[in-house]
Amino acid sequence: MSLKDRLSELLNQGLEDLKSTSEQDELNELRVHLLGKKGPITKVLRGMKDLSPEERPVVGSFANEVRDRLQEAIDARKEEIDQKLLTVKLEKEKIDVTLPGKPAARGNAHVIQQIIDQIEDLFLGMGYQVLSGPEVEEDRYNFEMMNLPKDHPARDMQDTFYITKDILMRTQTSPMQARTMEKHDFSKGPLKMISPGVVYRRDTDDPTHSHQFHQVEGLVIDKHVTMADLKGTLELVAHELFGDRFDVRLRPSYFPFTEPSVEADITCFNCGGKGCAVCKHTGWIEVLGAGMVHPNVLKMAGVDSDIYGGFAFGLGPDRFAMLKYGVDDIRNFYLDDERFLNQFSMKG
Amino acid sequence: MKISYNWLKEYLDIDVPATELAEKIERSSVEVDSVTVPSDGLKKLVVGHIDSMEPHPESDHLNVCQVNVGEEELLQIVCGAPNVAVGQKVIVALPGSRIGGNVKIKRSKMRGIVSNGMICSLEEIGFSKSVVPKEWADGIYVLPNDAKNGDEIYDYLGMNDSLIDLDVTPNRGDMLSVYGTVHDVAAMYNLKENLDHPNLIEGKTAIGDELTVAADKEAAPIYKMRLVNNVKVGPSPLWLQIKLWNAGIRPINNVVDVTNYILMKYGQPMHAFDFGKVSGRKVEARFAKENETLTTLDGETHQLDPQDIVIADEKQPIGLAGVMGGLNSEIEDGTTTVALESAVFNSTIIRKTAQRHNLHTDASQHFERGVNHGGVEEALDAAAQMIHELAQGDVDQGMVIANDEKIADVVVKITLTRINHVLGTELTSTEVTHIFERLNFGVEMNDDEFTVSVPSRRWDIHIEADLIEEVARIYGYDNIPSTLPTGRMTIGTLTPKQRIIRNSRSTMEGLGLSQAISYALLNDEEAKLFSMKASLPTKLDWPMTVDHTTIRMNLISGLLKDIAYNNARKVEDVTLYEQGRVFYRTENQVRPDEEEHIAGAISGSLHSEAWNQHHTETDFYEVKGIVVEYIQSLGLNGEIDFEATTKYSDLHPGRAASISVHGHEVGFMGQVHPQIAKKFKIKPTYVFEINLQALIDMPKSDQQYDIISKYPAISRDIAILVDEEITHQQIVDLIQKRGGAFLNSVKLFDVYSGSHVPSGKRSLAYSLTFLDKEATLTDDTVNKAFEKVEVSLQKEFNVEIR
């Protein structure tokens, strides 16, 4: 048998043997057997020295080809076996993915804070500044400069925690109107601000009253700011916070620091405007108060009311949260029951 | 104020459904609280005539009545009312009817005798006890004789009327009357109002012969009086009683009822008193004297204040002006001479008097919100005329006047341009003129300018802005366009402070703490616990409860109260933070400084227990980890240091640390002292509080990219046995001092004290990492540095290297 025939035979035999290997060890043994230093191919190659110089390169290259083909076949087989083993291993590693995950600690913002942030972001986007003022306020800013002189009957409407005759816990965020107007340089541009914060009233805590709650004041003063601008702005707030499907209705109202004054109602959540107990059968729910800044307020803050004017509004995040989420007791916001707070962990 | 729709219709040709009118009023004028129809919910209540009656054989107070309800057969009804009598027309609740309080009436037997329904009192058909005339308070109501048997009773008693309850804002006192409402509704619907005016017939006697008056000008700028003689006091006619009870006022007699009717109709409070009981001939409105007392019509005796206005005769007060009359001059059945007072009293004084004596009446409410100065006299004439008509009185000629005012329209000028400029509308001069005309204001147009004459019945209008509001509400807010402010551009950004506060909150939340908002007003003791700074408390002058008297000087107390609330409800894992202000005050300050703080409190476990997570109580080091992570997130210059402290007496003395950044103390943390925890009734709790304002004010490091070394780092571990008194911080400081230029980090990886180490000692193990960013470190370099560390540790702290 010629060396070439011998190599052909080895190749065929080797390929045949490979087919029956199924274990890695077996395959390894076969590889060593076929391609190792003591293996048949090496042996054949050693016999090359007896060949004629013409035959030698032909057989040599054929031997290399045989070795390469065997190597390829072994590699392919190895890949197959590895794949099979991996499949078995993965099968064994299977877990119940429906078991609960390890609880991660995540805190969340207070629901009132979420509403305030939402309002802030809306107004920042419209070029408003966000300002904050003192919670312990002077009577002057809280009342007098808001067109509520000492004997004004509307002072009865908001019972006040006084510290001294002239110092009080602010009953509203409106004092920030006077404080900012006093400082604002109108030659540099219009005043557009909102001021969120905590306010206090001398109230007994019950499901609908809290001696501490929040307000967001808004104020825009420029040379030409209109009631239509106020209406558009309030509609935007209502739609941002409650959704586009809610209608907004403006009604005349009274605040000493605005004239005209309005209150804004939105469609009742509960009945969609048909009328129910929640909206006292009106189909509307009152959500905020607003108006065109009273000329006296402008004058007292040193702003020329013949040239400048604008609107102000005040809204209550507590009330918004109660309406939006159907919270039936305002005290929930200040007791910090974990079971309450954690209900508002969705960031949306 | 409840406005009767039927009464409105007497002056206005209007026929829209009551709810529609209510919506219109709400959109154009004042809020409407409710619209109610007294007959709503009632069923099968008819007029019956008691044909005959005999005592119930088994009862000493029941009567068996045979009642004609317009059917062929009489209805037998058992009645227990003391005033039931043959010949009366009564309210019969037929079998199957529904009376007040949603009660159903069925055929029944009373002590063996069949009763086919019920004869009703006013209260039983839904009348409030407070409006039922005294005459009918304890028995059934008797209808007029001409009531037709079998008719529904509602129209006889004014119960098919719609009552529109107005919630009047302080500026619209004019809406507290039927006439005021008529004027406004007329403007809304562009209707013409048909008001009636008094046509008084006076007698021959001149009033001046019998009565003189005086009044303080400040207290009563307008003060007028009439006198009616030969009055016959008796019940008012039913039409008048109906008007009163539908407005929520109890009918009393034909004099008092007239004054209440005039108040409802004109909005002018009117006081009537028995002139026969007055001492002397002079009546005066003056300030009360020291130590004067007055018993008012409700039977209460008041110690008067020199700032109260009283009506007085020559001897004593006979009424609390503008609030309530005195019992000593009350109109009674025998009264024959009635003095009628119509006045304007100072609204501030009346308000204070009503508050001082806790006596809020319809009259005081009207005076507080103002009355029409131009309507005082018409109301007085109308009242006198009614008393003449209803009680056959003779009205003296003329009136006596202590003070009076010249009444003139208020003239306000405004341009069309201004109106459109403020409202953002494009109204024409014709449209605006029409609106003023609908309001019945005088209006003249000159070029662009309107000259508007506002009658005295709208005393709330003085300035341009008031007229703009009138135009807006009558034009309709719905018709105003929706736009957004234009004009010069402004930039809306958060300030650095606001950004840091927002970031602080989201970092805390990322670290697992939920935001709490607790009460800032605490009790005295809670307010001053955990205080970082010596400060005087800021206290409320007149607190509502003892729980909320003082403004907080720390945030932790509020959080501990929150934890207590949770613990009491079996919620034991509580992880909260709060961002808010604390209020510090020095001796010379009245208004405290407000400082932004951030604080946290963790009780129980931070991580909730699960099948693959054991319950682990939080501890000092977990909370410390949170604090460090938080402060690091702010990117401040300098190191964060913790130092044991005992200056916070509300913290566990061995588990408390002050926190400093770059050498400045910014806060503290630790375990709540067990005694404090006990007081709050909470489980062991760890807390921290940081002066956030201080962190905001600190310089921030300019963050720069740090090259990641290409060269490998080399680590060396060292375990030492050291005296317990030596702190970790001391050791780390020393290692860092002696570790050479390439020492990159020192990490504690084991702490042990227990049976395997001598008492008073503990074993600490550190891993030191060396790194040269420029070149590969040699073992030799590292060994030298490490050796230096070992030697100094031995020398400085006498450690044993293990």
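The values are calculated or read from the model by the stated rules, or taken from the named source; none is laboratory data. Values in this document were obtained by computation on a predicted structure and should not be read as measured data. Heads up, the Cβs are rebuilt from the backbone with ideal geometry, glycines too, and the neighbour counts pull from every protein chain shown.
A single member of A:Ala312, A:Ala301 is out of contact with any His (no Cβ under 6 Å at 6 or more places or on another chain) and more than 30 Å from A:Asp206 (Cβ to Cβ), and it is A:Ala301.
Take B:Leu8 and decide whether it is surrounded by 19 or more Cβ atoms within 10 Å (Cβ to Cβ), more than 14 Å from chain A (Cβ to nearest Cβ) and in contact (Cβ under 8 Å) with a residue 60 or more places away in the chain. Yes; evaluated as a whole, the condition is true for this residue. Checked against the criterion of being of a type in the set (S, T, N, Q), more than 12 Å from every other protein chain (Cβ to nearest Cβ) and touching a helix residue (DSSP H, G or I) at 6+ places or on another chain (Cβ under 9 Å), the stretch A:90-112 contains not a single residue that satisfies it.
For B:Leu21, state whether it is among the aliphatic types (A, V, I, L, M), within 14 Å of chain A (Cβ to nearest Cβ) and in a helix (DSSP H, G or I). Let's see the steps before the verdict.
On the way: among the aliphatic types (A, V, I, L, M): yes; within 14 Å of chain A (Cβ to nearest Cβ): yes; in a helix (DSSP H, G or I): yes.
Answer is yes for this residue.
Among the conditions (1) modelled with pLDDT of 95 or more; (2) more than 11 Å from chain A (Cβ to nearest Cβ), the only one that B:Ile551 does not satisfy is (2). If only one of B:Val574, B:Val582 is more than 8 Å from every other protein chain (Cβ to nearest Cβ) and at negative phi, which one is it? Residue meeting the stated conditions: B:Val582. Restricting attention to the stretch B:672-697, the residues being surrounded by fewer than 21 Cβ atoms within 10 Å (Cβ to Cβ) and of a type in the set (S, T, N, Q) number 2.
Only one of these is outside any strand (DSSP E or B) and either free of Cβ contacts under 8 Å to residues at least 12 places away in the same chain or in contact with a Lys or Arg (Cβ under 7 Å, 6 or more places away or on another chain) (or both): B:Tyr648, B:Tyr621, B:Tyr630. Name it. Break it down into steps so the answer makes sense when it comes.
Details: B:Tyr648 fails: either free of Cβ contacts under 8 Å to residues at least 12 places away in the same chain or in contact with a Lys or Arg (Cβ under 7 Å, 6 or more places away or on another chain) (or both); B:Tyr630 fails: either free of Cβ contacts under 8 Å to residues at least 12 places away in the same chain or in contact with a Lys or Arg (Cβ under 7 Å, 6 or more places away or on another chain) (or both).
Only one candidate qualifies: B:Tyr621.
Filter the stretch B:358-372 down to the residues that are polar (S, T, N, Q), closer than 15 Å to B:Pro170 by Cα and not in a helix (DSSP H, G or I) and list them by number.
Of the residues in the stretch B:358-372, the ones polar (S, T, N, Q) are B:358, B:361, B:364-365, B:372.
Applying the additional criterion that residues be closer than 15 Å to B:Pro170 by Cα yields B:364-365, B:372.
Matches in the stretch B:358-372: B:Asn372 only.
Any residue that is touching an Asp or Glu at 6+ places or on another chain (Cβ under 8 Å), crowded, with 23+ Cβ neighbours inside 10 Å and either of a type outside the set (Val, Ile, Thr) or at positive phi (or both) - is there at least one of those in the stretch A:217-237?
Looking through the stretch A:217-237, none of the residues is touching an Asp or Glu at 6+ places or on another chain (Cβ under 8 Å), crowded, with 23+ Cβ neighbours inside 10 Å and either of a type outside the set (Val, Ile, Thr) or at positive phi (or both).
Among the residues of the stretch B:24-51, those that are part of a helix (DSSP H, G or I) and not acidic (Asp, Glu) comprise B:Lys24, B:Ile25, B:Arg27, B:Ser28.
Of the residues making up the stretch A:48-83, those that are exposed (fewer than 13 other Cβ atoms within 10 Å of the Cβ) and under 49 Å from the mean Cα position of the chain (by Cα) are A:Glu79, A:Asp82, A:Gln83.
Just so you know, in the stretch B:601-622 the residues that are under 21 Å from B:Lys678 (Cα atoms) and either out of contact with any helix residue (DSSP H, G or I) (no Cβ under 7 Å at 6 or more places or on another chain) or outside the structural domain of B:Ile517 (by TED's automatic domain parsing) (or both) include one that is surrounded by the most Cβ atoms within 10 Å (Cβ to Cβ), and it is B:Gly604.
Which of the residues that make up the stretch A:48-65 are assigned to a loop (DSSP other than H, G, I, E, B) and either at pLDDT 85 or above or more than 15 Å from A:Arg6 (Cβ to Cβ) (or both)? Lay out the reasoning, then the answer.
Taking the stretch A:48-65 first, the residues assigned to a loop (DSSP other than H, G, I, E, B) are A:51-54.
Within the stretch A:48-65, A:Ser52, A:Pro53, A:Glu54 meet the criteria.
Return the residues of the stretch A:317-344 that are outside any helix (DSSP H, G or I) and either in contact with a strand residue (DSSP E or B) (Cβ under 6 Å, 6 or more places away or on another chain) or within 8 Å of chain B (Cβ to nearest Cβ) (or both); say none if nothing qualifies. Please lay out each step first, then the result.
As a first pass, look at the stretch A:317-344 and keep what is outside any helix (DSSP H, G or I): A:326-331, A:336-337.
Matches in the stretch A:317-344: A:Asp336, A:Asp337.
Scanning the stretch B:585-600 for residues being away from chain A (no Cβ under 11 Å), outside any strand (DSSP E or B) and either crowded, with 23+ Cβ neighbours inside 10 Å or not polar (S, T, N, Q) (or both) gives a total of 1. Meeting the requirement of 3 or more residues that are among the hydrophobic types (A, V, I, L, M, F, W, C) and under 37 Å from the mean Cα position of the chain (by Cα), the strands (runs of 3 or more DSSP E) wholly within the stretch B:237-323 are B:309-312.
On the stretch given as the stretch B:354-392, residues that are modelled with pLDDT under 95 and either more than 27 Å from B:His302 (Cβ to Cβ) or basic (Lys, Arg) (or both) total 2.
Restricted to strands (runs of 3 or more DSSP E) entirely inside the stretch B:63-178, those with at least 2 residues that are of a type in the set (Val, Ile, Thr), closer than 27 Å to B:Gly234 by Cβ and modelled with pLDDT of 95 or more are B:89-99. Checking each residue in the stretch B:400-426 for being assigned to a loop (DSSP other than H, G, I, E, B), in contact with a helix residue (DSSP H, G or I) (Cβ under 6 Å, 6 or more places away or on another chain) and among the hydrophobic types (A, V, I, L, M, F, W, C) picks out only B:Ile407. Taken over the stretch A:209-246, the residue count meeting the criterion of being part of a strand (DSSP E or B) and either facing chain B (nearest Cβ under 9 Å) or free of Cβ contacts under 8 Å to residues at least 40 places away in the same chain (or both) is 4.
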